[in-house]
Amino acid sequence: MAILFHCPWENADEWLAALRSAMPRDEIRVWPNVGDAEEIDFALVWQIPHGELGAFPGLLGISSLGAGVDGLLTDPELPANVQIARLVDPLMADRMAEYVCGNVLYYHLGHDRYAEQQRFGRWRRRPHVDARDRFIGLLGLGHLGRRCAERLGEFGFNLLGWSRGPKEIRGVHCLHGNDRLDEVLERAGILVVLLPLTIDTENLLDKVAFNVMPRGAYLINCSRGEIVDEEHLVAALDSERLAGATLDACREEPLPADHPLWKHPKIRITPHVASLSEPVTGALILAEQVRRARRRQRLVDVVEVARGY
Ligand code: NAP
Ligand code: GLV
């Protein structure tokens, strides 16, 4: 029995140390040094090259080192009949909520406008909008979206949420299904994206969606770049249909230094840091997944391959 580990992140060594401390008796092999492939029974991976996981005939389970599984599920040679789980860590939800609240408050309080005024030395007070008069749309009401809703609710914002299936969340007007999306878009002064990337969500936010949103609305994308049509976003910002956007995820990552998105005056970019997986807490959760697999139990937070998340 051995565990396969593949992690391209800067803190891969920290992850390996945390996993070894959480599973001191287990052998963890770092890809590509996999040894005897038949001994690998669990894979803990992020962005492992497609095709590689098919080489391990004894796999009992695979877990993403992050919350998203789009990188895994798009592997055409993903082994069938192996449970695939994602990392669901309450700490990540708290971190995401901090990121989302910080960005929502930045726009809500008009700090983007004051930053612009400061460039011209302009001392001008802008009208204040009360939180209860500000509609925030949350696309995605899963593990992360719910926590964001709870924290935003503490400020008194008017919350509209959208998911695939029905939800009941205190303080959130919840809608679901494709035919209810526009009801969220048309009222959301600030739209927060916390959807997984799937064939249904790719390019969901394009010029059609931006034209439904209120003039002068803001977008905060904390999930995957492919959910937003970046050319349409730039056009919507240039035409002042949208007032600003924060992108924590872009189609091309790392975003090349000469990419025009960096220079756009109405776009704020962070390098996919809204909620990084945390080795110390994550390793404990993943160690339990390995134990479950070896006891032939169902993993927790298993993804549904057919629906894409
Ligand atoms: P989750 O628990 O699976 O929640 C996903 C939500 O999206 C659910 O509410 C789901 O609806 C909804 N959804 C999925 N497809 C939909 C569709 N076609 N139409 C309407 N709603 C749909 O995922 P999570 O843990 O909250 O994470 C969400 C995403 O955040 C991840 O997939 C990842 O891409 C991203 N992420 C980014 C960072 C970062 O640092 N930027 C960090 C972690 C995660 P149902 O509830 O009805 O199923
Ligand atoms: C990060 O983007 C994640 O999916 O955990």
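The values are calculated or read from the model by the stated rules, or taken from the named source; none is laboratory data. Just so we're clear, the structure is a prediction, and the values are computed from it rather than from any experiment. Here the Cβ is made from the backbone with ideal geometry for all residues, glycine too, and neighbour counts use every protein chain on show.
Annotations
Rundown of residues vs (1) modelled with pLDDT under 95; (2) loosely packed, with under 15 Cβ neighbours inside 10 Å; (3) within 30 Å of ARG307 (Cβ to Cβ); (4) touching a Phe, Trp or Tyr at 6+ places or on another chain (Cβ under 6 Å), yes/no style:
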{"position": "LEU204", "(1), (2), (3), (4)": "no, no, yes, no"}
{"position": "ASN221", "(1), (2), (3), (4)": "no, no, yes, no"}
{"position": "ARG224", "(1), (2), (3), (4)": "no, no, yes, no"}
{"position": "VAL228", "(1), (2), (3), (4)": "no, no, yes, no"}
{"position": "ASP248", "(1), (2), (3), (4)": "no, no, yes, no"}
{"position": "GLU252", "(1), (2), (3), (4)": "no, yes, yes, no"}
{"position": "PRO256", "(1), (2), (3), (4)": "no, yes, no, no"}
{"position": "LYS263", "(1), (2), (3), (4)": "no, yes, no, no"}
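- Filter pass, ALA149 being part of a helix (DSSP H, G or I) and either more than 13 Å from ligand 1 (Cβ to nearest atom) or under 20 Å from PRO90 (Cα atoms) (or both): yes
- The range 154-173, residues that are under 24 Å from VAL129 (Cα atoms), under 20 Å from the mean Cα position of the chain (by Cα) and not hydrophobic (A, V, I, L, M, F, W, C): GLY161
- Wholly within the range 36-146, strands (runs of 3 or more DSSP E) carrying at least 1 residues that are of a type in the set (Val, Ile, Thr) and over 30 Å from GLU186 (Cβ atoms): 40-45, 61-64, 83-85
- Leading residue by the ranking (nearest to the chain's Cα centre (by Cα)) among those in the range 54-93 that are away from ligand 1 (no atom under 12 Å from the Cβ) and of a type in the set (Asp, Glu): ASP75
- Which listed residue is in contact with a strand residue (DSSP E or B) (Cβ under 9 Å, 6 or more places away or on another chain) and either over 26 Å from ALA131 (Cβ atoms) or modelled with pLDDT of 95 or more (or both), from LEU191, LEU197: LEU191
- Close pairs from the range 297-309: first farther than 13 Å from PRO196 by Cβ, partner within 13 Å of ligand 2 (Cβ to nearest atom), Cβ under 8 Å, at least 6 apart: LEU299/SER63; LEU299/ALA85; VAL300/ALA85; VAL300/VAL88; VAL302/ALA85
- Verdict on ILE285 being in contact with a Ser or Thr (Cβ under 9 Å, 6 or more places away or on another chain), surrounded by fewer than 18 Cβ atoms within 10 Å (Cβ to Cβ) and over 25 Å from GLU183 (Cβ atoms): no
- Only residues that are of a type in the set (Gly, Ala, Ser) and part of a helix (DSSP H, G or I) were counted across the range 256-309, and they come to 4.
- Of all residues in the range 271-309 being touching a helix residue (DSSP H, G or I) at 6+ places or on another chain (Cβ under 8 Å) and polar (S, T, N, Q), the one that is farthest from ligand 1 (Cβ to nearest atom): THR281
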